[in-house]
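As structure tokens, the structure follows; a few thoughts come after it.
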Amino acid sequence: MFTKYKLLFLLPGLLVLMAIILFPLGFTIRVSFSSWDVIQPGLDWIGGNNYARMIADSRFWEALQRLSFISVASVLAQYVLGFSLALMVWNQVRMKRFIRVLFLIPMMTTPVIMSVIWRTVFHESLGPANDLMNLIGIGPVAWLSTETMALVSVLIVEIWQWTPFMFLLLLAGLLSLPKEPFLAAAIDGAGPIRTFFNVTFPMMSAISVGAIIIRLIEASKIMDTVYVLTSGGPGSATETSSYYIYIRGLRDFQIGYSAALSITYLVIMIIALTVIAKVLSRLVTEK
Amino acid sequence: MNSSGYKIFKFVFLAFWASFVVAPFLWALTTSFKTINGVTSGATYIPWVDYEPSLDGWRNVLGTGSQGINVIEPFISSAYVTIGASALSLVLGTFVAYGLSRFKYRAGFIRNGDITFFFISQRIMPPVVLSIPFFLMLQQLGLLDSIFGLILVYIALLMPIAVWVMVDFFNNIPKEIDEMAMLDGCSPLQTFLRVILPNAKPGLVVAGLFCVIFGWNDFFFAFTLTFTETQLLPVAIVSLNSSATPWWSLSASALISIAPLIFVAVLVEKYLDRGNLAGAVK
Amino acid sequence: MSIVAENINLTVDGETYLRNVSFELPNEDFFIIVGRTKAGKTTLLRLLAGLEEIDSGSLTLDGDDLTKMPPWERKVGMVYQQFINYPHLNNFENIAFPLRRAGLPEDKIAEAVNKVAAVLGVEEFLEKLPSELSGGQQQRIALARALVKDSKLLILDEPLVNLDYKLREQLREEFKNIFNDQRERLVIYSTTEPAEAMELNGTVIVMHEGEIIQIGAAEEVYNRPANTRVAEVFNDPPMNLVRGVVEGNRIHLNQDVIMALPAHLQNLAAGRYTFGIRAADINLKPDAYAAEVQLGEINGSETILHIKLGDISLVTEQEGVHQYDLGASASVDFDLNQLYVFDNNGDLLFSPATNSSFEKAMQDQEKDN
């Protein structure tokens, strides 16, 4: 007697999502076995040629390595900074609301728009970043035009944008912790550092894993920031997987080849993120 | 670690971070009032002291200045797409979330948990993977470069967020309230509309705001699926960025694009109180 | 009109909630389901309300299949053990909700709500929200909403269990009066406490592990428990059950505890039986059977002693407060006139001849209050 209603609630949303996601995904898989490009559009069958070409395409694999580095490095930095900030604000009484709103703002703002602003900040002769470098005696830095510094700039912007997300989740976690273990630690005479490692950190491990995985998922898609800030350059020094696939597909219009890259990228991401999630969860439960 | 030393360290650290957070905004704000002299002589900061302020940048982007840059139209398009897609995602997502929270579904080996995972796992999909089929699909439907086409695509982006927030929220409303309403004569649909939705306002607000943020902030789909007829705000500003747009106009347009989000941030903060979020992640 | 259940089975995720449940309930009476936690009471009530679906068996109302009828068409009033009200509506609207759904005119709604609010003493809270009330008051609002509508069936699933002791006593007394005035509908009330069932004075349905094991008047079930499981469930503390042998007009519980057959058991043939005796019928008495105290708990004005006579574990209930140390020795005697005998399947063979014990239990109950 509930069947009618069960379907009424679930089906509209499920069918819409399946139509928008599964059909295009299936189509992409099919296209990845075709030679569809700007000269010869259409679905022919060329077997695994695109995949064979991909294996020899070092630019794709370098982009994947670079993406892994950017994701892991920025998420780790966000976690450490976000946790530190959350710990400091946790017992803060004055101006807590104000601090929380302020720290929240970066994650709410549009990444590409902020990248437009950051580009002017990092401008080598006219931007304030080098003004600051001169002030503290380091001297001008070639922020966006050398390979290493371009990568650093991308990391800085990522950290600025997404540390607030970590901060927000970890602060929520800290606020929901029970009081008793801290009292017990205080009675045992544990100092702040021992309390942190023996009490706070273990209790925060589940939510930490959750927050890190959510951020890794989002970071694995990085493209907007890179597109605006460095256009993948200098050379291909900051090119991520999404960006390279975009170049092959929607700029060079090698539809078939970019479909093969897309599917490979998606599969690798799903496997990598699942493994990371499993490993991190196991670490937590073993504690 | 003595406690006064820690206090000083904490103050310095929080102050440093606060400055880091506001720095790009303040820089954009001051730049938006500059003229050519305030930019080309190196970084300047304080109006009247470092440079002579002017409203040229703001006049330009609002379409009343000498340069014909206009962000008002893209702003309105962005608002249409964001609000339209968020509203549809919220309606569809809330129905799905209520179903998943209250009924048991089974089809073969598939259970509720698998369906919920299917929705939420869409967040793992990199936009670039879907960009080509979306492009071809909208082309076939004649919806390329249109507001309606983008709304369709954004539903895929936003509905998982609505489902994620609302499933958790509904799970925290006792099932007995639904049963009571049914015994009092409400069908499941009436129960949902008359009893559960009025009690789910905070969840709806949070889910709605998240949809608005992610919708407003999307660049990739707007960039790859629209060209001349329809232009959303991020695409408009990024295209200003690549052309020879003066910094003051660029900064003013960036601030206009971000202003609604700062307002949303203040709203969201009110609702994101204890447990609310922590529970959703675990 | 009557509700008839035949061989109902209900299993969820491999766990059995109801097993071969059959009954026939008339349209106007007051039933009390008694059973321990997880005995299937709630499942049975939810089934009657239309909130559970059965695996096999049939449930009919005047011959019409009830399993196809969704809850919103059944005209059932229900009160849960949690205090369930609509959080977004004030108390007036909470009580008025089913009437509005039924499409009653405004003046009729106001009249009905005010009437039931007066009966339950909640008139002064009608403008407030449920969350502004105490637990007892919230439960009164929930009961008012269940009573106000024209329901054929009123279900109360352990409605008092989450209230404090004093409030429970007070509400129980009120409920007794309300439900005995409600004879135009079927009222089913569930509880874990036999004392509550006896006080409410309705027909008792005893459940155990998903089965109905006895239906009858409270007094009948108390005096003549159909089997050992009823004897355990319908007594608090559970009736002591000891295996023993009858041989030559004597009962041998073990080699030390040997007693003569009392008058009402003179016809008991030699053989193996299970003997039952209530905790209150084992008394401390000097120079009787030697026992060792395992545990003593004070329960209100009574002391409950867990004792051992050799290999036999027993529970006794003594009036007044007594202090016993662990392992202390005591001497107890049995009121053999109150001895029950069950056969090896656990079914009742003999019960005490005098029916005084139910009256006595009721008087004890009054005294406690």
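List of remarks:
- Residue match in region A:106-117 (condition: within 8 Å of chain B (Cβ to nearest Cβ) and either more than 30 Å from A:L266 (Cβ to Cβ) or surrounded by fewer than 19 Cβ atoms within 10 Å (Cβ to Cβ) (or both)): yes
- Within the set A:I222, A:I268, the sole residue that is touching a residue at least 40 places away in the same chain (Cβ under 8 Å) and surrounded by fewer than 18 Cβ atoms within 10 Å (Cβ to Cβ) turns out to be A:I268.
Condition check ((1) more than 23 Å from B:N70 (Cβ to Cβ); (2) assigned to a helix (DSSP H, G or I)) across all residues:
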residue: B:K201; (1), (2): yes, yes
residue: B:Q231; (1), (2): no, no
residue: B:V235; (1), (2): no, yes
residue: B:N241; (1), (2): no, yes
residue: B:T245; (1), (2): no, no
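- When residues of region B:108-125 are limited to those that are among the small types (G, A, S) and farther than 23 Å from B:D178 by Cβ, the one farthest from the other protein chains (Cβ to nearest Cβ): B:G108
- Counted residues, region A:230-267 - those being touching a Leu at 6+ places or on another chain (Cβ under 7 Å) and part of a helix (DSSP H, G or I): 3
- Residue that is surrounded by fewer than 12 Cβ atoms within 10 Å (Cβ to Cβ), modelled with pLDDT of 90 or more and within 14 Å of another protein chain (Cβ to nearest Cβ), where the choices are A:L15, A:L8, A:L64, A:L22: A:L15
- Any hit, region A:223-238, residues being of a type in the set (V, I, T), facing chain B (nearest Cβ under 10 Å) and under 25 Å from A:L144 (Cα atoms): yes
- Residues within region B:67-90 that are under 20 Å from B:I115 (Cβ atoms) and touching a Pro at 6+ places or on another chain (Cβ under 9 Å), tallied: 1
- Exactly one residue out of A:V31, A:V121, A:V75 is more than 30 Å from B:A43 (Cα to Cα), crowded, with 22+ Cβ neighbours inside 10 Å and either more than 14 Å from chain B (Cβ to nearest Cβ) or without any contact (Cβ under 8 Å) to a residue 60 or more places away in the chain (or both), and it is A:V75.
- Condition met for A:V101 (in a helix (DSSP H, G or I) and within 11 Å of chain B (Cβ to nearest Cβ)): yes
- Residue within region A:211-219 that is at pLDDT below 85 and part of a helix (DSSP H, G or I) present: no
- Tabulated pairs, region B:23-48, first facing chain A (nearest Cβ under 7 Å) and within 18 Å of B:L255 (Cα to Cα), second at pLDDT 80 or above and in a loop (DSSP other than H, G, I, E, B), C-beta under 7 angstrom, 6+ apart or interchain: B:V39/A:L126
- Of the strands (runs of 3 or more DSSP E) contained entirely in region C:6-102, those carrying at least 3 residues that are more than 10 Å from every other protein chain (Cβ to nearest Cβ) and at pLDDT below 90 fall at C:15-26, C:56-61.
The values are calculated or read from the model by the stated rules, or taken from the named source; none is laboratory data. Since this is a predicted model, take the numbers as computed values, not measurements. Methodologically, a virtual Cβ is constructed for each residue, glycine included, from the backbone with ideal geometry; neighbour enumeration extends over all protein chains shown.
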